[in-house]
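Take a look at the structure below.
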Amino acid sequence: MDIRPRENAPAWKQNAYRIIFESDTRAGQLFDIVLLVAIVLSVLAVMLESVRSIEAQYGPALRVVEWVFTGLFLVEYGLRLLVVRRPLAYALSLLGIIDFLAIVPTLAALVLAGSRYLLVIRTLRLLRVFRIFKLGRFVGEGEFIVQALRASRFKILVFLTAVFTLTIVVGTLMYVVEGGQNGFTSIPKSVYWAIVTLTTVGYGDISPATVLGQSLASVLMIMGYAIIAVPTGIVSAQMALPAGATPAAPPAFKQVICHVCQAQEHRPDAEYCWRCGEKL
């Protein structure tokens, strides 16, 4: 989508577009930096207003500051629509919608009480910092992490399935062991306790009181430390591979069990058991 003004557009419009939308010039960088500072200060004002003690003392002043910043953003949004070639196309773009949402909450507060706190949406505009300070290379590093996660998704899925199964089993056991008198009033609530314990969060809202329950909780806590390291190791191993490389596939085995010694994991071309020598 090309929103640059036409070549025959007035010089002031082309210069304004270069300052507002581009950061290759000193004026463009200064404009964007001032805009980012204004966004941070406006969001900070809204956050401070949500504190009752501060709102009671400085509420009117903070609301004036909020309206001043909203007026500035309204003027800035109008300038963006004025200098682009296709105002509607920009207004419907992602950045255009974010710019519009930065203005709406204050205006909506005239009708809906409390909607001004949605002004924290303005923080999304801070994404412009990637363009201002030439931080685009960090986006590439982010894509590298996403690719590693995508390549490890099946291993992580298997891991999460095992953890999910473990929490259900342990939660059910704890429900049977402790019962409702110790806070484990249902299996879902007991599963919730198992998840909190396994992830080492430990809210402490419910806890086992019997010796058997405490022993089971201790085992689950120790397992939690080991389990947390698993997904980290999976993703780290994938990230350590050269670009475009794939991890080595696990060795293939013949899907047959020796009927004499019950040995498994025979080579695909094996005709005799590797342990007892019986014909497979």
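The values are calculated or read from the model by the stated rules, or taken from the named source; none is laboratory data. All values reported here derive from a predicted model rather than from experimental measurement. Quick reminder, even Gly has a Cβ in these numbers, built from the backbone with ideal geometry, and neighbours come from all protein chains shown. Surface accessibility is based on the protein's heavy atoms, side chains included, excluding ligands, DNA and RNA. Shrake-Rupley method; radii C 1.70, N 1.55, O 1.52, S 1.80 Å.
Give the stretch 152-173 a look and list any residue that's small (Gly, Ala, Ser) and either within 18 Å of the chain's Cα centre (by Cα) or surrounded by fewer than 16 Cβ atoms within 10 Å (Cβ to Cβ) (or both), or say none. Break it down into steps so the answer makes sense when it comes.
Start the filter on the stretch 152-173 by keeping residues that are small (Gly, Ala, Ser), which leaves 152, 162, 171.
Listed by number, the residues that qualify are 152, 162.
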Exercise. Does residue 197 meet the test of being out of contact with any strand residue (DSSP E or B) (no Cβ under 8 Å at 6 or more places or on another chain), at pLDDT 85 or above and open to solvent by 50 Å² or more (accessible area, probe 1.4 Å)?
Worked result: no
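Among the residues of the stretch 84-100, is there at least one that is surrounded by fewer than 12 Cβ atoms within 10 Å (Cβ to Cβ), modelled with pLDDT of 80 or more and closer than 30 Å to residue 42 by Cα? Let's see the steps before the verdict.
Step one: filter the stretch 84-100 for residues surrounded by fewer than 12 Cβ atoms within 10 Å (Cβ to Cβ), giving 88, 94.
Checking which are modelled with pLDDT of 80 or more leaves us with 88.
Narrowing the set further to residues that are closer than 30 Å to residue 42 by Cα leaves 88.
Yes, because at least one residue in the stretch 84-100 is surrounded by fewer than 12 Cβ atoms within 10 Å (Cβ to Cβ), modelled with pLDDT of 80 or more and closer than 30 Å to residue 42 by Cα.
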Problem set entry | Selected residue (only one of 234, 206 is touching a Phe, Trp or Tyr at 6+ places or on another chain (Cβ under 8 Å), open to solvent by less than 70 Å² (accessible area, probe 1.4 Å) and not in a helix (DSSP H, G or I)) | 206
Exercise. Quick one: what pairs do we get from the stretch 258-280, first residue in contact (Cβ under 8 Å) with a residue 24 or more places away in the chain, second not in a loop (DSSP other than H, G, I, E, B), C-beta under 9 Å, 6+ apart or different chains?
Worked result: 280/254; 280/266; 280/272
Exercise. Would you pick out the residues in the stretch 42-87 that are of a type in the set (A, V, I, L, M), in contact with a helix residue (DSSP H, G or I) (Cβ under 7 Å, 6 or more places away or on another chain) and part of a helix (DSSP H, G or I)?
Worked result: 43, 45, 46, 48, 54, 62, 65, 72, 79, 81, 83
Exercise. Which ones in the stretch 36-62 are modelled with pLDDT under 85, within 24 Å of residue 78 (Cβ to Cβ) and either of a type outside the set (Gly, Ala, Ser) or touching a strand residue (DSSP E or B) at 6+ places or on another chain (Cβ under 8 Å) (or both)?
Worked result: 36, 39, 40, 43, 46
For this session: For the stretch 66-83, name all the residues that are surrounded by 14 or more Cβ atoms within 10 Å (Cβ to Cβ), among the aliphatic types (A, V, I, L, M) and touching a residue at least 24 places away in the same chain (Cβ under 8 Å).
Result: 72, 74, 79, 83
